[in-house]
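Notes follow once the structure below has been shown.
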Amino acid sequence: MKITLSKPFSYEGKEYEDLTLDIESMTGEDLEAAERLIKAAGDAPVVPELSKAYQAILAARAAKVPVEMIRALPARDYSKVTMAIGNFLMQ
């Protein structure tokens, strides 16, 4: 799945116009790893699939970028990326 960003985004010297989320290749281990990470950070959502933090971690794994990059996206793009993950999880 390709997400086109609202404007070019620069992170650590690299410019991004879009992000490709390889959601279909994610496994249960990816989901569990993301859940462990949010719990380790002190976040314990009742339904992880609805947590933006959880969705951001999965988006980073799917895009093969650091989660810090996903979190640094402008709000519009952050929402677009995390909503794509949320929609995938809720299908």
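Things worth noting here:
- For the set D30, D43, D77, the ranking by accessible area, highest first and with no ligand, DNA or RNA atoms included, is D43, D30, D77 under a 1.4 Å probe.
- All Cα-Cα distances of region 21-71, cut into 5 Å bins from zero to the largest, leave 5, 23, 34, 27, 10, 2 percent in each bin in turn.
- Multiplying the residue separation of E17 and L5 by 0.36 nm and subtracting their alpha-carbon distance yields 3.8 nm.
- Selected from L21, M83, I38, residue furthest toward positive end of dipole (the chain; charges at beta carbon): M83
- Sorted largest first by accessible area at a 1.4 angstrom probe radius, with every protein chain in place, the residues V47, V67, V81 fall in the order V47, V67, V81.
- Pairs of Lys in the chain closer than 23 Å at Cα, counting only those 8 or more apart or on different chains: 14
- According to the Kirkwood relation over distinct C-alpha pairs, the hydrodynamic radius of region 3-50 is 13.3 Å.
- Taken per residue, the accessible surface of the chain reaches 59 Å², heavy atoms only and a 1.4 Å probe.
- Carbon + sulfur, % of accessible area of the chain - ligands and nucleic acids excluded, 1.4 Å: 53 percent
- Ordering of 13-24, 48-59 by burial proxy (mean other Cβ atoms within 10 Å per residue, highest first): 48-59, 13-24
The values are calculated or read from the model by the stated rules, or taken from the named source; none is laboratory data. Note that this is a predicted model, so its numbers are computed, not measured. Cβ sites come from the backbone with ideal geometry, for glycine too, and all protein chains shown count toward neighbours. To get the accessible areas, we keep the full protein, side chains included, count just its heavy atoms, and leave off ligands, DNA and RNA. Shrake-Rupley method; radii C 1.70, N 1.55, O 1.52, S 1.80 Å.
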